[in-house]
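Engineer: Below are the structure tokens for one structure; questions will follow.
Read-outs: derived from the displayed coordinates by stated rules, not from any lab. Because the structure is a prediction, the values reported are computed rather than measured. Counting neighbours? That spans all protein chains shown, and the Cβs are built from the backbone with ideal geometry, glycine included.
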Amino acid sequence: MRQTIIAGNWKMNKTNDEAVELIQGLLGHEGDGEKVRMIVCPPYTALCDISRAINGSKIYLGAQNVYFEESGAYTGEIAPSMLLTIGVSYVIIGHSERREYFSETDQIVNDKVRLALKSGLIPIVCVGEVLEDRENGKTEEVVGAQIDGSLKGLNGDQMKKVVIAYEPVWAIGTGKTASPEMAQDVHRFIRDRLKNNFGDVAEKISILYGGSMKGSNAAELIAQPDIDGGLIGGASLKAEEFLKIINAV
Ligand code: PEP
């Protein structure tokens, strides 16, 4: 059985104090961390305090980005070891905002995924098409190329530790959600592609949906056979909204 994961991507929101206030509203509501796993991905500046706050709980900590070198003269960047030593277990890699505003290519994503895995972080690798791709019938072509390029060179054992997030870019932060059937079609396509590239391990990989997921639509999305959870932006910024999603699944 695949693990259901609900991950909150707080993006560039929340000062340290605001982040600690948000986590206080989530603590105690995370369940056993096994059937449904709650992950929070605060900005870098709040990681240490959130790590302390969730110590002893079943909430897991994620970062929103990581660099592909282990150390050195890379001003402003953060290495996997720095994240691991403060209690981070997951890292979002290749979010569409990083791809769009920071020119992250599949090659960069691949470099980051490989170092993250080598270091012991679990990457949440994001893929998804823009509206124009969808309207031109290119969703599978685009998403397939992102899957191939971002995960290039990994073996089945490494893939066991990877989480995928399918996030149609036109649904992120727009209030437009892919219908459960539309999302399922792409999730199935992704799983088939993973099977083709890596074999049976594909059945064990959690594939999350992201794009305006909220309490009112989470249950029907996650009821789809190949949707194993959600990566949540806007609705993760208020404890009561995020918990509605947790409760719905
Ligand atoms: C995201 O950016 O990962 C995301 C899914 O955002 P939102 O939930 O706000 O659409």
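Engineer: Mean residue ellipticity at 222 nm from the helices of the chain, using -39,500 (n - 2.57) per DSSP H segment of n ≥ 4 over the full residue count, to the nearest 500 deg cm²/dmol?
Structural biologist: Taking each H run of at least 4 residues, the total per residue is -11500 deg cm²/dmol.
Engineer: Still on this model: Tell me the chymotrypsin sites (Phe, Trp or Tyr not before Pro) within the range 71-114 that lie in a loop according to DSSP and have at most 13 other beta-carbon atoms within 10 Å.
Structural biologist: Tyr74, Phe102
Engineer: What are the membrane-span-like helices in the chain by this rule: whole DSSP H runs, Cα extent along the axis at least 15 Å, mean Kyte-Doolittle hydropathy at least -0.5?
Structural biologist: Numbers: long enough: 16-26 (16 Å, 0.02); 106-119 (19 Å, -0.34); 139-150 (16 Å, -0.13); 180-198 (26 Å, -1.13).
What comes out of the filter, once short or polar helices are dropped, is 16-26, 106-119, 139-150.
Engineer: Can you give the charge dipole size of the range 5-248 about its Cα centre, rounded to the nearest 20 debye, using +1 on the beta carbon of Lys and Arg and -1 on the beta carbon of Asp and Glu?
Structural biologist: Roughly 440 debye for the range 5-248.
Engineer: For the range 1-66, which chymotrypsin sites (Phe, Trp or Tyr not before Pro) are both in a DSSP coil and crowded by at most 12 other Cβ atoms within 10 Å?
Structural biologist: Qualifying residues, ordered by number: none.
Engineer: Can you tell me, using C-alpha contacts under 8 Å and at least 6 residues apart, the relative contact order of the chain as a whole percent?
Structural biologist: Rounded, it is 20 percent for the chain.
Engineer: Just want the answer: with Cβ charges of +1 for Lys and Arg and -1 for Asp and Glu, which residue in Ala73, Ala116, Gly94 is farthest toward the dipole's positive end in the range 66-116?
Structural biologist: Result: Ala116, furthest along the dipole toward the positive end.
Engineer: Now for a different question. Among Cys126, Cys48, what is the fewest-to-most ranking by other Cβ atoms within 10 Å?
Structural biologist: By the 10 Å Cβ count, ascending, the order reads Cys48, Cys126.
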